[in-house]
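Have a look at the structure below, then the notes.
Each value in this text was obtained by applying a stated rule to the coordinates, not by laboratory testing. Treat the numbers as computed from the prediction; the structure is a model and nothing was measured. As a convention, Cβ positions derive from the backbone with ideal geometry for all residues, glycine included, and neighbour counts pool all protein chains shown.
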Amino acid sequence: MKGLAVSTTIGEKTGKLSDLMFGRVIFLKYLDPGIPVVDVPINEIIVPNTLVDLGAAINVMTKETMLKLNLQGDLRKTTTVLELADRSTVAPKVIVENVIASFESSKYLTYFLVLQSKTKFNGYSLILRRPCLAIANAYISCRGGNLTIKNGHLSKQMVLYPHAHVCMHEPFSGITHS
């Protein structure tokens with residue numbers, strides 16, 4: 001084909017053919033694609049670098065973000081104590097309720113625990129949790145780096161991070177047993 005560069009050597013083709021002939025399964029390793037972040041509009045203000053965290057069971061927001069978004073109206077006190085990944089604990093004072101978060105023009109009602117943070121959450125002012133993503137009917141393609149939001153028959157994609165790349169080291173080759 002005109003304009004198509006061929007980078008596969010005869011040795012690579014022979015190796016793949018012998019793997020197929022001997023029933024070996026090739027498992028590709030992928031590099032870490034990075035941190036899944038999106039821009040989320042709340043109150044018509046875009047919050048950049050919102051962390052999409054499938055390990056989180058709660059939505060979290062900094063107090064500074066709550067004030068910037070003017071969300072002081074629907075607050076409820078809480079006695080919740082959170083244990084963080086480093087085993088330290090933090091006690092948010094309030095929950096901001098009835099927050100409308102937008103994903104690609106679809107709007108979803110959610111809530112956030114508000115933390116008075118001594119640090120900047122590593123640059124993330126919002127963390128979205130699993131249930132919020134379930135409400136939005138979100139599907140995450142870890143290899144493709146996309147977050148797909150489905151609303152009825154409409155489906156929209158958001159980019160979380162660049163596509164994952166295959167690790168350039170020798171792929172793991174396992175032997176199948178018959």
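Numbers at a glance
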quantity	calculated
Neighbourhood net charge (13 Å Cβ-Cβ; Lys/Arg +1, Asp/Glu -1) for N98	0
Per-q log10 I(q)/I(0), the stretch 37-159, q = 0.14 Å⁻¹ (Debye; single scatterer per alpha-carbon; no solvent)	-0.59
Modelled FRET efficiency - R0 30 Å, F27 with T148, Cβ distances, 0.05 increments	0.70
Given charges at beta-carbon only (K, R positive; D, E negative), |dipole| of the stretch 37-159 in Debye	160 debye
